[in-house]
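S.K.: My questions all concern the structure below.
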Amino acid sequence: MCLPLLCLVLTWPALAAITLVDNGGRSVTLEQPARRILALAPHITENLFSIGAGDRIVGAVAHSDYPAQAQAIPRVGSYGQLNLEQVLALQPDLVIAWPGGNPPAQLERLRQFGIPVFESDPHSFAAIAANLRLYGELTGLQAQADTVASELESRVERLRLQHQDAAPVRVFYQLWHEPLMTVNHTLLVDQMLRLCGGENPFAARPEAVPQLGVESVLAVRPEVILTTTEEAPHDWIERWQRWPELPAVQHKLFYQLNADWMHRATLRALSGAEQLCLHLDDARLKLGRGKLY
């Protein structure tokens, strides 16, 4: 026979360790759901908030500005340069890192200190949903994470069905202007374009972010030119009007999108895709192709 409290302790189920494989192929083990998380990229911070784990973030990097509550989180540097002293002072039990931007040597140093480091680098809507579910397992918030991920998947499928028969539109996505840059098929922007019936003439380029000469763009004769409000000079349309032979110039098919919606692998990326689809629908009408759905 045992005392009531001792009986409770002896019969209470032990918390099972959590072992997951991250986006970099590494196995990461937590003894229990994370309570003190460092989020080392804006998309990581945003996605943790979206599953209800925002109050567990004890440190974030510069530009982690959404939702508004994220702006109050202590900063531990930028995604490209961490202040390891600040990181250690915050005593995290989990670091969620961005291998596409965080310094590999600093991430390895954190592992040497015994801090679990989980790498998150989604480049598609399916990967965003998968990462949300992984965050749910890391935090013990599986139900909330699955609900959010399932809603994302449903909205993506609705958008796909709406545009699966849409007339194709040849699009140049201007990621940057000097030097001129675009995206290939590996980035989320390209998936958005395909989802909306857009054709990216530079999708097959081997570089994720190809640098181009103007001649390359002239050669593919884009019917639509897209950029973002934050990343284009004020006269970006006037610059393209120097080439009146371009169909995009002839039909005045220039559109700007929200940069965070287009470039952060979060739930808001779907808002970016929906905005993009509306622009391409408008372009079809002006090109005389109508909407085939």
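Laboratory data are not the source of any read-out in this text; all were calculated from the coordinates shown. Being a predicted model, the structure only gives us computed values, none of them experimental. No Cβ is skipped: glycine too gets one built from the backbone with ideal geometry, and neighbour counts run over all protein chains shown.
S.K.: Quote the FRET efficiency, to the nearest 0.05, computed for L285 versus H177 with a Förster distance R0 of 25 Å and r equal to the Cβ-Cβ distance.
M.R.: Computed FRET efficiency for L285 and H177: 0.35.
S.K.: What is the gain in length, in nm to one decimal, between R155 and R111 on full extension, counting 0.36 nm per residue of separation less the C-alpha to C-alpha distance?
M.R.: 12.1 nm
S.K.: I want to verify a result. In a Gaussian network model of the chain, Cα cutoff 10 Å, which of these has the top mean-square fluctuation: H163, H234, H63?
M.R.: Of the options given, H234 has the highest mean-square fluctuation.
S.K.: Between D55 and Q69, 0.36 nm times their residue separation minus their Cα-Cα distance comes to what?
M.R.: 4.1 nm
S.K.: If you don't mind, another one. Comparing G213, G198, G80, which has the greatest mean-square fluctuation in the GNM of the chain with Cα pairs linked when under 10 Å apart?
M.R.: G213
S.K.: Roughly how many whole Å is it from the C-alpha centroid of the range 241-268 to that of the range 62-99?
M.R.: Computed from Cα coordinates, the inter-centre distance equals 32 Å.
S.K.: If the elastic network links every pair of Cα atoms under 10 Å, which of W98, W236, W261 fluctuates the most in the Gaussian network model of the chain?
M.R.: Per the Cα network of the chain with a 10 Å cutoff, W236 tops the list.
S.K.: Once you place label points 7 Å from the Cα toward the Cβ at V21 and K252, how far apart are they in nm?
M.R.: Computed distance between label sites V21 and K252 equals 5.4 nm.
S.K.: While we're on this one: Please compute, for the alpha-carbon atoms of the range 167-287, the extent along each of the three principal axes and give them in descending order in Å.
M.R.: 37, 32, 28
S.K.: For R221 and Q91, FRET efficiency with R0 = 51 Å and r from the beta-carbon atoms, rounded to 0.05?
M.R.: So the FRET efficiency works out to roughly 0.35.
S.K.: Using the Cα gyration tensor of the range 159-237, with a ≥ b ≥ c the square roots of its eigenvalues, what is the shape: rounded (a/c below 1.5), prolate (a/b larger than b/c) or oblate (neither)?
M.R.: It is prolate, given that a/c is not under 1.5 and a/b is the larger ratio.
S.K.: Same structure, new question: Specify which labelled value, from (i) 54, 41, 36; (ii) 116, 38, 27; (iii) 89, 42, 33, agrees with Cα extents along the principal axes in Å derived from the coordinates of the model shown.
M.R.: (iii)
S.K.: Label point 7 Å out from R194 along Cα-to-Cβ: which residues of the range 200-229 have amide N under 19 Å?
M.R.: Taking a point 7 Å out along Cα→Cβ of R194, the residues of the range 200-229 whose backbone N falls under 19 Å are 200-210.
S.K.: In percent, what relative contact order does the chain have, based on Cα pairs under 8 Å that are 6 or more apart in sequence?
M.R.: The normalised contact order for the chain reaches 14 percent.
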